Amino acid sequence: MSASHSTDHIVSGPVPGHFTVPPPLRGTVTVPGDKSISHRSLMLGALAVGETRIEGLLEGEDVLATAAAMRAMGAEITRSDDGIWQVHGVGVGGLLQPQVALDMGNSGTSTRLLMGLIASHAITATFTGDASLSKRPMGRVTEPLTRMGAEFMTSPGGRLPLTMRGLSPAVPIEYRLPVASAQVKSAVLLAGLNTPGITRVIEPVPTRDHSERMLKGFGATLDVEIESDGTRIISVTGEAELRGQQIVVPGDPSSAAFPIVAALIVPGSEVTVINVGMNPTRAGIFEILKAMGADLVYSNERIVGGEPVADITARHSILTGIDVPPDVAPSMIDEFPILFVAASLAKGTTRTSGLDELRVKESDRLALMAKGLARIGARVEELEDGLVIQGTDGTPLNGGNHAPVIEASLDHRIAMSFAIAGLVTKSGLTVDDMRPVATSFPTFLPLLRQLGAVPA
Ligand code: S3P
C-alpha cells in the first residue's frame, strides 16, 4: 500500500463541490464500515497470532494509513477481490522496526493508537501527517506513554512530525484520563498489551468502548469496573496472547448521520440507512435528533460482531431546537458539525456547550461551522465551548446572491456537513474541496447521487 496519499492531494489540487436544493431524497443506502472499528481490527489483527478476517472494513484513507503502518511493522495484510481483508499478525511484542517514516495522512486515530502500540516495543518510529494532523495536540498521548517508558522527540508544541522510541519491557501505569478521549484511553490500553502486569485507565466520562470490546474479543484479559458515579476503571493484563478473529464491521454511525440529517431537513424525503452501528457510546446523535422531534425509526435491531446494529429510516421532520446536555458529547463527538446544520433549520434555539474538544479535531470545528453557517445566513453565535443557533423553522437558508464558497480546511466532516447544508440553501453553496471525504466516507458523493441529492 502506498503511503503517499496525503501528497496526492497536493499534486491534484482541490476538487470543489456545488450543492443546492434537490427534489425529495428517496432510497435505501448503506454507508461504509465504522472507522474506529476498522482501525482497531487491523491493529489487533496485526498483533494476534493466526489469521484475522475482516468483512466490511472501511477502505478510506485513514484506515489505509493504519494498514500501511502495520505492514511496515511486519504484519501481512491482503485484500481479496470480494472485499474481505486478511491480516496475519506478528503476535503481541512482535512488531518490527519500520524502515520508513509512518505517514498518517489526516488520521489522528491511527497516530495516537499506533503511538500506544509502539510505546511498549523496543522500536523507533517517526510519524508524519498532513497540515491538519500536524497542528493537532499529541501531548495527551505522549504524556502517559512517557510515564510507561517511551521517549518522544516532537515538533514544537508536542506536535507531528515526531520520532518516538518505545521501551520493552515498559512500565504499567494507572492513568486517569484528563480529557474524555477514546484515543488516549486506547493508546494506554494498547501499550499495556505488551507491558508486564496490569495497566489501568480510569475514565470519569465514558467514551466509545470499541477497544474494550475488541480486546476482549481477541482474547485479552480486560476488566471494566463501573463505580457508583459512572467512572469506569479499565484494567488490561499485559503480555497478552491475542488470537486471530473473524470480524464483521458495522456501518459507521458517524457517516450514517449525514444522509439521515439530509432526509430530515429536505422536505418530502424518506431515506433508510441499513446496517448502522448503534453502540450506545456512539449513537448520541440519533437520540438528540429524536429529542428534537426527528421521525427516526429503528428496525431490524440485531447484534453483529459483538456490536448492536439497526436499520434507520428518516423522514422529513420539523425539528425543534433544544439544549444539548454536555454529557452526551462523547457519544456524538464527531456528529456536532452535522447537528449544527440540522439545528440551523429547526424551530427555536439549539444550545450546545462542553465542546472544547471540537476545537482540536481535524479542524477547529466550532470556528469553521460558525463561520460557514453564518455565510449561508444561519443565525449562529460562537461561544468558547459551543454554538448557539437560532433555527429558521424549516425555511431554506439564504445562500446569498452568489453561492458562497465554504472552506472545509482539510476536514472531511466539515466538507460533508456543508454539502448537506447546501441542500437547504436557496442559491446553493460551493465547498472549496471535497477530497477530504475520502478519509472516512469515500462513497459520500455516489451515495448523494443515489438519493437524488446531487445530479447523476
Ligand atoms: C476516535 C475517538 C474520537 C473521535 C475520532 C475517533 C477513536 O477522538 O473523534 O474520530 O476511534 O477512538 P477523541 O479520542 O480525540 O475524542
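The values are calculated or read from the model by the stated rules, or taken from the named source; none is laboratory data. Fair warning: this is a prediction, and the values are worked out from it, not measured in the lab. FYI the Cβ positions are ideal-geometry reconstructions off the backbone, even for glycines, and counts take in every protein chain you see. These accessible areas exclude ligands, DNA and RNA; they are computed on the full protein's heavy atoms, side chains included. Shrake-Rupley method; radii C 1.70, N 1.55, O 1.52, S 1.80 Å.
Which of the helices (runs of 4 or more DSSP H) contained wholly in segment 239-346 include at least 1 residues that are among the aliphatic types (A, V, I, L, M), in contact with a Ser or Thr (Cβ under 7 Å, 6 or more places away or on another chain) and within 16 Å of the ligand (Cβ to nearest atom)?
Ranges flagged: 336-344.
Does segment 225-238 hold any residues that are outside any loop (DSSP other than H, G, I, E, B), open to solvent by 30 Å² or more (accessible area, probe 1.4 Å) and more than 16 Å from the ligand (Cβ to nearest atom), and which are they? Reasoning before the result, please.
So the first thing to find is which residues in segment 225-238 are outside any loop (DSSP other than H, G, I, E, B), and the list is 225-226, 232-237.
Applying the additional criterion that residues be open to solvent by 30 Å² or more (accessible area, probe 1.4 Å) yields 225-226, 232, 237.
Correct list: 225, 226, 237.
Among the residues of segment 189-207, write down those that are open to solvent by less than 10 Å² (accessible area, probe 1.4 Å), among the β-branched types (Val, Ile, Thr) and either in a loop (DSSP other than H, G, I, E, B) or farther than 23 Å from residue 92 by Cα (or both).
195, 207 - these are the residues of segment 189-207 that are open to solvent by less than 10 Å² (accessible area, probe 1.4 Å), among the β-branched types (Val, Ile, Thr) and either in a loop (DSSP other than H, G, I, E, B) or farther than 23 Å from residue 92 by Cα (or both).
What about residue 305, is it open to solvent by 10 Å² or more (accessible area, probe 1.4 Å), of a type in the set (Gly, Ala, Ser) and over 26 Å from residue 408 (Cα atoms)?
Yes, satisfied.
Select from segment 398-443 the residues that are in a strand (DSSP E or B) and either modelled with pLDDT under 95 or open to solvent by 20 Å² or more (accessible area, probe 1.4 Å) (or both) and list them in ascending order.
First pass over segment 398-443, keeping only residues in a strand (DSSP E or B): 405-406, 425, 429-431.
Answer for segment 398-443, where residues must be in a strand (DSSP E or B) and either modelled with pLDDT under 95 or open to solvent by 20 Å² or more (accessible area, probe 1.4 Å) (or both): 405, 430.
For segment 36-49, does any single residue satisfy the condition of being part of a strand (DSSP E or B), surrounded by fewer than 23 Cβ atoms within 10 Å (Cβ to Cβ) and assigned by TED's automatic domain parsing to the domain that holds residue 210?
Yes: segment 36-49 contains one or more residues that are part of a strand (DSSP E or B), surrounded by fewer than 23 Cβ atoms within 10 Å (Cβ to Cβ) and assigned by TED's automatic domain parsing to the domain that holds residue 210.
Filter segment 129-159 down to residues that are crowded, with 19+ Cβ neighbours inside 10 Å and more than 15 Å from residue 191 (Cα to Cα), then give me how many there are.
6
Can we say residue 377 is more than 26 Å from the chain's Cα centre (by Cα), crowded, with 22+ Cβ neighbours inside 10 Å and either more than 16 Å from the ligand (Cβ to nearest atom) or of a type outside the set (A, V, I, L, M) (or both)? Steps first, please.
On the way: more than 26 Å from the chain's Cα centre (by Cα): yes; crowded, with 22+ Cβ neighbours inside 10 Å: no; either more than 16 Å from the ligand (Cβ to nearest atom) or of a type outside the set (A, V, I, L, M) (or both): yes.
Spelling it out, it is not the case that residue 377 is more than 26 Å from the chain's Cα centre (by Cα), crowded, with 22+ Cβ neighbours inside 10 Å and either more than 16 Å from the ligand (Cβ to nearest atom) or of a type outside the set (A, V, I, L, M) (or both).
Here's the yes/no breakdown for (1) out of contact with any helix residue (DSSP H, G or I) (no Cβ under 7 Å at 6 or more places or on another chain); (2) among the acidic types (Asp, Glu); (3) outside the structural domain of residue 49 (by TED's automatic domain parsing); (4) within 14 Å of the ligand (Cβ to nearest atom):
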site	(1), (2), (3), (4)
94	yes, no, no, no
103	no, yes, no, no
123	yes, no, no, no
132	yes, no, no, yes
139	yes, no, no, yes
144	no, no, no, yes
163	yes, no, no, no
169	yes, no, no, no
174	yes, yes, no, no
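Could you give every pair whose Cβ atoms fall below 7 Å, whose first residue belongs to segment 189-208 and is under 22 Å from residue 230 (Cβ atoms), and whose second residue is within 16 Å of the ligand (Cβ to nearest atom) and open to solvent by 40 Å² or more (accessible area, probe 1.4 Å), counting only separations of at least 6 or pairs across chains?
Hits for this filter: 202/176; 205/180; 207/180.
How many residues does segment 357-380 contain that are in a helix (DSSP H, G or I) and either touching a strand residue (DSSP E or B) at 6+ places or on another chain (Cβ under 9 Å) or on the phi > 0 side of the Ramachandran plot (or both)?
11
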